[in-house]
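Here's the structure we're looking at; comments come further down.
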Amino acid sequence: MTLRIELRSAILALSDALDLVGVNDFQHGKRVAMIARETGLLLGLPEKRLDRLVCASLLHDLGVSSTALRRRLLRLADRDERQVHCETGYRLLQPFAHLSLVAKSIRYHHTPWCELPGDLGEIDALESNLILLGDRVDALLLQRGLENPLFNRVGIVDDIAALAGRELSPEVVAAFVAASACEAFWIALVPRHVQRYLNDLLLTDWRMSIDFPQFGHVARLISSIVDAKSPFTAAHSLGVAQLARFLGERAGLAADVLAEVEVAGLMHDVGKLCVPDEIVEKPARLTPLEFSVMERHSFETYQILSHIPGLEQVAEWAAFHHEALNGHGYPFRRSAERLSREARIVAVADVFQALAQERPYRGRQPADEIPRFLNHFVRQGVLDPDLVALAIDNLDASWRAATMPPAERVAGLLPPAR
Ligand SMILES: [Fe+2]
Ligand SMILES: [Fe+2]
Ligand SMILES: [Fe+2]
């Protein structure tokens, strides 16, 4: 396996994916990263710790996949509900060698300074409190409107100063007051500038490249976030990945290509994070307007994945899962001659897994009903006939691959489910 991915681009892509969950707080994680880092700079934190702080801030809300929960958190949901996403984020990051570094500060990012556990350690305590600072500043900013942060900052500094010694450490508040005295601090929070601020950060400490099996862990993390969006999509990405791998094996793909196909399956629906829960869970046919929102998801998948250097091809296999051989799929209207075998495999696995799973508008299809649907899509010119034949010839094994609970999976590159 020769493919290597830089961890920094994987983290930035993950941050873009999390941004999609934002309702009217788009780029929340990025603004928190900027506020926390600028404050950390005035506290004299060394570059290495600032890099870590940025990574933790970008990912701090990775326990939130649902747009409904996102909205409640914006209105400062009650404490117990708030803590759930902190614990989820902590749990999700634990298994990953590099990212587990920031798991603890994410776990405590809503815990008041005066209540942080005594054994947390100075680095994690300060990091979690800086994230909380950024989170509170952004919430206050969002209440006033993001279109002109410099004008709308009035009152925010006073509100934050009032939290010193309770929710926020006095030294964090003092550094924030000093950092935010500068107009540029506020002007830089608008979308265009905050994006550039992050892209320009070298994040030297995250520049190491990880090999493809390790990147599989990041893909698994992304799939967990996407699959947690709704009970109707639970384990969908995992099932698609596992079935795509199985079909790829049967089709004779080489081992390194199989690993990439599996990763494409894990991440194919990452763009779905931008679709509001009410649309994903609607128990009826979507209106044309709702469908246009739903149709965006595979384009968003492409946008996020294709910007990870080294992942360009996998991005196509993942994002073309709603394309059709006859050219009538979406969103790129690719037709047979521009759809690789790997992309066709992910498309067949996606349809198969979705049929095997309950949806809000229909029940789960039993295994022996699935060939009828797949053959219908072949006749319509949507799915590849040879790959569908492979799935049907191996129906029981395909069904197991698509629906087996994660714990029972014979893992390719998937770490054991937690
Ligand atoms: Fe949060
Ligand atoms: Fe999809
Ligand atoms: Fe899907």
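The values are calculated or read from the model by the stated rules, or taken from the named source; none is laboratory data. Please read these numbers as outputs of a predicted model, since none were measured by experiment. No Cβ is skipped: glycine too gets one built from the backbone with ideal geometry, and neighbour counts run over all protein chains shown.
Residue count for segment 75-94, restricted to those that are of a type in the set (Gly, Ala, Ser) and in a loop (DSSP other than H, G, I, E, B): 1.
Summed over segment 302-319, residues that are of a type in the set (Gly, Ala, Ser) and not in a loop (DSSP other than H, G, I, E, B) total 3.
Can you pull out the residues in segment 287-299 that are within 13 Å of ligand 3 (Cβ to nearest atom) and closer than 17 Å to ALA343 by Cβ? Listed by number, the residues that qualify are HIS297, SER298.
This table checks each residue for (1) in contact (Cβ under 8 Å) with a residue 12 or more places away in the chain; (2) not aliphatic (A, V, I, L, M).
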site	(1), (2)
ALA319	yes, no
GLU323	yes, yes
ARG341	yes, yes
ASP350	yes, yes
ARG362	no, yes
LEU374	yes, no
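Taking the condition under 20 Å from GLU38 (Cα atoms) and either more than 16 Å from ligand 3 (Cβ to nearest atom) or touching a His at 6+ places or on another chain (Cβ under 6 Å) (or both), does ARG72 pass? So ARG72 fails the test.
Take the conditions closer than 28 Å to SER398 by Cα, within 16 Å of ligand 1 (Cβ to nearest atom) and touching a Leu at 6+ places or on another chain (Cβ under 8 Å) and apply them to LEU247. Does it pass? So LEU247 fails the test. Would you say LEU311 is within 16 Å of ligand 1 (Cβ to nearest atom), assigned by TED's automatic domain parsing to the domain that holds VAL226 and not aromatic (Phe, Trp, Tyr)? No. Figure legend. Inter-residue proximity from segment 1-30: first residues closer than 16 Å to ARG72 by Cα and small (Gly, Ala, Ser), second residues at pLDDT 90 or above and surrounded by 22 or more Cβ atoms within 10 Å (Cβ to Cβ), beta-carbon distance below 6 Å, spacing 6+ or different chains. Indicated pairs: GLY22/HIS28. Just so you know, in segment 272-301 the residues that are within 17 Å of the chain's Cα centre (by Cα) and not in a helix (DSSP H, G or I) include one that is surrounded by the fewest Cβ atoms within 10 Å (Cβ to Cβ), and it is PRO276. Out of all the residues in segment 176-197, is one or more without any contact (Cβ under 8 Å) to a residue 24 or more places away in the chain, assigned to a helix (DSSP H, G or I), within 30 Å of LEU116 (Cα to Cα) and not assigned by TED's automatic domain parsing to the domain that holds LEU390? Scanning segment 176-197 turns up at least one residue that is without any contact (Cβ under 8 Å) to a residue 24 or more places away in the chain, assigned to a helix (DSSP H, G or I), within 30 Å of LEU116 (Cα to Cα) and not assigned by TED's automatic domain parsing to the domain that holds LEU390.
Let's see how each residue does on (1) within 16 Å of ligand 3 (Cβ to nearest atom); (2) within 21 Å of GLN27 (Cβ to Cβ):
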position	(1), (2)
PRO46	no, no
LEU62	no, yes
SER65	yes, yes
ALA68	no, yes
GLY118	no, no
ILE123	no, no
GLY145	no, yes
ASN148	no, yes
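Among the residues examined, SER128 qualifies as modelled with pLDDT of 95 or more, in a helix (DSSP H, G or I) and either small (Gly, Ala, Ser) or in the same structural domain as THR301 (by TED's automatic domain parsing) (or both). Can you name every residue in segment 58-115 that is buried (at least 17 other Cβ atoms within 10 Å of the Cβ), under 18 Å from ILE225 (Cβ atoms) and among the β-branched types (Val, Ile, Thr)? Once the filter is applied, which keeps residues that are buried (at least 17 other Cβ atoms within 10 Å of the Cβ), under 18 Å from ILE225 (Cβ atoms) and among the β-branched types (Val, Ile, Thr), segment 58-115 yields VAL64, THR67, THR88, VAL102, ILE106. The residue that is farthest from GLY44 (Cα to Cα), among those in segment 177-219 that are hydrophobic (A, V, I, L, M, F, W, C) and more than 29 Å from the chain's Cα centre (by Cα), is ALA184.
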